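What follows is a single structure, written as structure tokens, with notes after it.
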Amino acid sequence: MGFLTGVVILAVVVAVALAAGWLFRAMMVAILPAGAGRTLRTAPPAAGFGMLVILLYILVALFAPLIAPFGEREIVGPEFLPWGDTHLLGTDNLGRDMLSRLVYAARNTIGIAFVTTALAFLIGSVLGILAALTGGWLDQLLARAVDVLMAIPALIFALLLLTIVGTSIVNMILVIALIDSTRVFRLARAVSMNIVVMDYMEAARLRGEGTWHLIVREILPNAMAPLVAEFGLRFCFVFLTISALSFLGLGIQPPTADWGAMVRDTATLISFGDVTPLLPAGAIALLTVSVNFVVDWQLHRASGLKE
Amino acid sequence: MPHVLRMIAQRLALGLVTLFVVSIIIFLGTELLPGDFAQQMLGQAATPETVAALRERLGLNDPMLVRYVDWLTDILRGDFGVSLANGQPVADLIGRRLVNTLSLALYAAAISVPLSLALGILAALFRNTLFDRFVNASALTSISFPEFFVAYILIFLFAGAGGMFPSMASLRGDPGLGEYLHRAFLPALTLTLVTTAYMMRMTRAAIINLLASPYIEMARLKGISPMRIILRHALPNALAPIINVIALNLAYLITGVVVVEVVFVYPGLGQLIVDSVTARDMPVVQGVALLFAGAYVLLNLTADVLATLSNPRLMHRR
Amino acid sequence: MSEKGGRLLEIRGLWIEGQADEDWVPIVKGVDLTLDRGEVLGLIGESGAGKSTIGLAAMGYARDGCRISGGEILFDGIDLRAASEATRRSLRGRRIAYVAQSAAASFNPAHRLIAQYAEGPVRHGVMSAAEAESDAVDLYARMRLPDPESIGFRYPHQVSGGQLQRAMTAMAMACRPDLIIFDEPTTALDVTTQIEVLSAIRDIVDRFDTAAIYITHDLAVVAQMADRIKVLLRGEEVEEADTRTMLATPSEDYTRSLWAVRSFARAEQPPARDATAVLSVEGVTAGYDRLDVLRDVSFDIHARRTVAVVGESGSGKSTTARVITGLLPPRMGEVRFEGTPLPPGYRGRSRDQLRQIQMIYQMADTALNPKLRIRDLIGRPAQMYLGLRGKRLEERVRDLLSLIELEPDAHIDRLPSELSGGQKQRIGIARALAAEPRFIICDEVTSALDQLVAEGILRLLDKLQGEFDLAYMFITHDLATVRAIADEVVVMKEGRVVEQGPKADMFQPPHHPYTELLLSSVPEMDPDWLTDLLERREAGGAGAGAAGT
């Protein structure tokens, strides 16, 4: 009986999500200019839902102080209050308002993950493209170095480096960006390798074009699609890593609100059948699922166009 | 054949070099650690004399190169040093936990590898049907979930009041096999869900990638059945990427268990490394990291060799 | 059941649609086709004519993204469209077999040839595995494959292209089908290899009295193989007649225009030996790693002259181009431009030296950056070398577009993907012209194009040469192109120049034996050409026969 209701609820949730995605897509197609609208029309409802969720997350992150009923670090009542009228989602282990912290955490966690991903991309893609373009010893050196760095499992490497440099937000950003840039490097190099052997690259070289022109005009426009998709995937990965570190108490440090740490703080409630710890965890899951749905659609599109 | 052997020998050498470089990076970790190692070991109350004596005994005054060689030879003999936190030999701390971590990984792999291969092949066979879409969307969803979300959902569903499985995977009292499988079920299931999704998607993609090949069309035009086309014509050519992703996930099972072990309070290496990072207990972190890196390199190496052996172009030269 | 003359295949009003974005567009529009037992029908047409699609439809098969939307396909009385998938599968490979264009891609790289041979007969329950394997050896011998006893135990990558194509024909024959579809089986092969494959295919089809549909874009080839020819254009039938009638008296204009292509020949240019050559290659030896790909290659190219460099794959023609452009510095010898030695590597050359030597590529698809608009593709060299900016640059681009006979307003802001193959190749020409060079390397510029389009490109290049005093180096494997456009010919084989001289001399005997082999291997429109040639080779020179393997 319980199982059956569970399935029904799940089906309803999925149906509502897909309907919302469909509506959102229809709305965007109507608003946007013809070109972008045409592309959007090929999006499946799941991707539409993903875009809707991402948009909502960005809005929440931007306007966190306006949305949150209480302050981020404000202790507003006793610990572990159940859900109620003043505190819609109750309070946490220190008596802070759960809902407010969820809202503020959107800003912190997403912001930090975004900065980290962007940094990883800057390092990884610049070096990757350059390695593919110049070849020779620079390429060999970078490729071998990345091979070695990638031979250390990511989370363990992060833990090792964090032990050395100590846990702080800046350190965490740098460490994760460094580790992830190796993955970006691999992709950027592989993608560029395929472009570098094209005849139009040969034509450009024989024309006497400089490195800068080759990268900006010849390689980047053609490498953009896979790199953008990779950005989405990397963001999810970074986001999950940061959340995992925070959950382990090694990432974003209190009193800064963060979803991973919030799960850890309220975890004990789960044994009492209280779903509160699932809320921040679900917030993480919902965002990564949404990004993945959008990326999946983009990758599908890119591969479809090739055929 | 000699060619293949030479390739394998090259891979092995490369693996050794990688491990060597990794050991240097890990060793440098201690060097870069702010503060004095001997001081940390003895605590703030120690007198300068005892600190100096300890420095001498630990060889901290030797040049870096000498200390690296000493450290490495010690490790090769199984001596990982002494924990800063409780003074126990690191090897003792690791020993039992290593077995626990490996058993959990084995438990999860035994379910997830066959399951993901079967699902991936079926999804490729019935591509673009409702079944395929359902499996694919579920896989994408479970990849996106943080492990602790999956773990807590499973606890919420199966370990609440009167639940079927324990939420704490304690191994106290040396449980028998049946009891172990029961107690470790939820952590194993969490790991299974996450890795199955990855492997299944990659298996499906690797096979579907090949379905546009002219030789697959040729097989269709020879009147071969769809199942046989997938199993005999596509799968052998998709082995290399599939082997790689399996190795990657096995490596993940060993190294990525950290979060799952913490959620379920499972006494494995993951728990140990998290506690040690918090305490900045460098010798323990070094030892565990080295073990993990070794396992990782070894698995990737095996995958590389297997992928080479699965490629007739490399096995049978012109 | 298998008496000759009975109707084997009957297709009526066949419609096939293909998916383009979200819509279905017709590819084949109401084609009828009949085939009797033991008969060979040639399907001919340019790309997009729908010939392969029709061939596959004869097996009741449509590729992914295609669907058979109308008409009837009756194979020996069985309605393939109405039949169940299981029925169709039991026919495929057993009674109707398929031979694909690229044997290298159509053999599964993971299995030995003989295992792939045996799979069909065993799966269809025609033979046991052991019977199939001994049968394979027999057919391999009939296909004149070397070492028929052992060749089956090799993997596809261990066997050459021409041999693979014969092994695939043997595989198609495994169940002794009533009908074989040959889908451009020799298009990817060199001319000398093509002959062997053609004669082997013809013999085995004769021997087992198998009906066949032979698909190709090459008229001369189909003339050797087919009893009847059907000409297709954009999914519709143009005309159909028996081979000799079709060749002698085609009734439709389109067919006549296909025939006429090969008659294009450029006016003879007067020898211009007075001045120094625009480009000279002097004693060049070059290669990769320790392997020499070119050995002591020398030739001159003068202004307003076209030198055709001819040879089969692996002869070193493209490597010569790489040495001239400076992508591959030679080990010995040098390249001179108007008497001045060029620095060996392109990085060492001045901007002006780079400007003077331009290149047009075989595949316009990969030669044009797909993300740049025509304006930038053509404009960039003019901007770089001639310093044109703004309005003057735009004017120059428009002039160039007019020169290559594309309407400027309609094309200047397009992306390469919005152009046809021939138009893309024209953009490649305009990009080379924009640099205002003296010398252009044309690397197989017409071999990826249909005959009519290729002819347009050749005419354009000819016109431009006169207008701008250009010197051309024309890399090609196609002797018809050489006849059409060259003033002088350089024949290459295995990295060496085997013969060179004015075109008139080259096409007159006596030849170097290799040139003779090349020349005699080019199929001719005469339906008896292959038979005659084989007889001549049988009777005559050992030289030509030996070089043929």
If a residue must be open to solvent by 10 Å² or more (accessible area, probe 1.4 Å), more than 8 Å from chain B (Cβ to nearest Cβ) and modelled with pLDDT of 90 or more, how many such residues does the stretch C:103-115 contain?
2
Any idea which of C:366, C:340 is within 12 Å of another protein chain (Cβ to nearest Cβ) and surrounded by fewer than 18 Cβ atoms within 10 Å (Cβ to Cβ)?
C:366
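This table checks each residue for (1) farther than 30 Å from residue A:257 by Cα; (2) open to solvent by less than 40 Å² (accessible area, probe 1.4 Å); (3) touching a residue at least 40 places away in the same chain (Cβ under 8 Å).
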{"position": "A:9", "(1), (2), (3)": "yes, no, no"}
{"position": "A:17", "(1), (2), (3)": "no, yes, no"}
{"position": "A:41", "(1), (2), (3)": "yes, no, no"}
{"position": "A:66", "(1), (2), (3)": "no, no, no"}
{"position": "A:69", "(1), (2), (3)": "no, no, no"}
Do you know which residues across the stretch B:278-298 are under 14 Å from residue B:101 (Cβ atoms), more than 7 Å from chain A (Cβ to nearest Cβ) and either open to solvent by 10 Å² or more (accessible area, probe 1.4 Å) or not in a helix (DSSP H, G or I) (or both)?
B:291, B:294, B:295
The lone condition residue C:391 fails out of (1) assigned to a helix (DSSP H, G or I); (2) within 24 Å of residue C:469 (Cα to Cα); (3) open to solvent by 30 Å² or more (accessible area, probe 1.4 Å) is (2)
Quick check on residue B:113: is it aliphatic (A, V, I, L, M), in the same structural domain as residue B:241 (by TED's automatic domain parsing) and open to solvent by less than 50 Å² (accessible area, probe 1.4 Å)?
yes
Can you tell me which residue is surrounded by the most Cβ atoms within 10 Å (Cβ to Cβ) among those in the stretch C:288-306 that are within 21 Å of residue C:190 (Cβ to Cβ) and at pLDDT 85 or above?
C:294
Tell me which residues, restricted to the stretch A:127-149, are touching a residue at least 40 places away in the same chain (Cβ under 8 Å) and under 27 Å from the mean Cα position of the chain (by Cα).
A:127, A:128, A:129, A:130, A:131, A:132, A:142, A:143, A:146
If a residue must be buried (at least 21 other Cβ atoms within 10 Å of the Cβ) and in a strand (DSSP E or B), how many such residues does the stretch C:486-499 contain?
6
Residues (part of a helix (DSSP H, G or I) and either open to solvent by 60 Å² or more (accessible area, probe 1.4 Å) or touching a Lys or Arg at 6+ places or on another chain (Cβ under 6 Å) (or both)) located in the stretch A:46-64:
A:48, A:55, A:56, A:58, A:59, A:61, A:62, A:64
Restricting attention to the stretch A:230-260, the residues that are in a helix (DSSP H, G or I), out of contact with any Pro (no Cβ under 8 Å at 6 or more places or on another chain) and under 14 Å from residue A:169 (Cα atoms) number exactly 6
Can you pull out every residue in the stretch C:206-225 that is in contact with a strand residue (DSSP E or B) (Cβ under 9 Å, 6 or more places away or on another chain) and open to solvent by 10 Å² or more (accessible area, probe 1.4 Å)?
C:217, C:218, C:225
Give all pairs with beta carbons closer than 7 Å in which a residue from the stretch C:56-67 that is within 11 Å of chain B (Cβ to nearest Cβ) meets a residue that is among the polar types (S, T, N, Q); count only pairs at least 6 apart in sequence or on separate chains.
C:65/C:19
Among the residues of the stretch A:235-246, which ones are within 9 Å of chain B (Cβ to nearest Cβ) and under 13 Å from residue A:159 (Cβ atoms)?
A:244
So is residue C:97 among the hydrophobic types (A, V, I, L, M, F, W, C), open to solvent by 10 Å² or more (accessible area, probe 1.4 Å), touching a residue at least 12 places away in the same chain (Cβ under 8 Å) and within 10 Å of chain B (Cβ to nearest Cβ) or not?
no
Any residue at all in the stretch B:66-79 that's surrounded by 14 or more Cβ atoms within 10 Å (Cβ to Cβ), of a type in the set (Lys, Arg) and outside the structural domain of residue B:187 (by TED's automatic domain parsing)?
yes
For residues that are open to solvent by 20 Å² or more (accessible area, probe 1.4 Å) and not polar (S, T, N, Q), scanning just the stretch C:318-327, find the one that is farthest from the other protein chains (Cβ to nearest Cβ).
C:322
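Rundown of residues vs (1) at pLDDT 85 or above; (2) among the aliphatic types (A, V, I, L, M), yes/no style:
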{"residue": "C:2", "(1), (2)": "no, no"}
{"residue": "C:41", "(1), (2)": "yes, yes"}
{"residue": "C:46", "(1), (2)": "no, no"}
{"residue": "C:71", "(1), (2)": "yes, no"}
{"residue": "C:91", "(1), (2)": "yes, yes"}
{"residue": "C:96", "(1), (2)": "yes, yes"}
{"residue": "C:101", "(1), (2)": "yes, no"}
{"residue": "C:117", "(1), (2)": "yes, no"}
Looking at the stretch A:72-88, is at least one residue at pLDDT 85 or above and in contact with a Leu (Cβ under 9 Å, 6 or more places away or on another chain)?
no
Against the condition open to solvent by 10 Å² or more (accessible area, probe 1.4 Å), more than 24 Å from residue C:534 (Cα to Cα) and assigned to a helix (DSSP H, G or I), how does residue C:130 come out, does it pass?
yes
Being closer than 30 Å to residue C:415 by Cβ and in contact (Cβ under 8 Å) with a residue 60 or more places away in the chain is true for just one of A:257, A:229. Which residue is that?
A:229
Those residues of the stretch A:260-307 that are surrounded by 17 or more Cβ atoms within 10 Å (Cβ to Cβ), within 9 Å of another protein chain (Cβ to nearest Cβ) and of a type in the set (Phe, Trp, Tyr) come to a total of 1
Would you be able to say whether some residue in the stretch B:115-125 is under 26 Å from residue B:266 (Cβ atoms) and at pLDDT 85 or above?
yes
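Here's the yes/no breakdown for (1) surrounded by 24 or more Cβ atoms within 10 Å (Cβ to Cβ); (2) within 16 Å of the chain's Cα centre (by Cα); (3) within 11 Å of chain C (Cβ to nearest Cβ); (4) at pLDDT 90 or above:
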| position | (1), (2), (3), (4) |
| --- | --- |
| A:159 | yes, no, no, no |
| A:173 | no, yes, no, yes |
| A:185 | yes, no, no, yes |
| A:201 | no, no, yes, yes |
| A:204 | no, no, yes, yes |
| A:227 | no, yes, no, no |
| A:233 | no, yes, no, no |
Can you find even one residue in the stretch C:469-485 that is open to solvent by 20 Å² or more (accessible area, probe 1.4 Å), under 28 Å from residue C:291 (Cα atoms) and assigned to a loop (DSSP other than H, G, I, E, B)?
yes
Going by the conditions given, is residue A:86 within 14 Å of another protein chain (Cβ to nearest Cβ) and open to solvent by 30 Å² or more (accessible area, probe 1.4 Å)?
no
If I ask for residues that are of a type in the set (Gly, Ala, Ser), part of a helix (DSSP H, G or I) and modelled with pLDDT under 90, which ones from the stretch A:97-141 would you list?
A:100, A:105, A:106, A:136
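The values are calculated or read from the model by the stated rules, or taken from the named source; none is laboratory data. This one's a predicted model, so the numbers in the text were calculated from it and none came from an experiment. Counting neighbours? That spans all protein chains shown, and the Cβs are built from the backbone with ideal geometry, glycine included. Ligands, DNA and RNA are stripped out before the accessible areas are found, and what is left, the full protein with its side chains, is counted by its heavy atoms. Shrake-Rupley method; radii C 1.70, N 1.55, O 1.52, S 1.80 Å.
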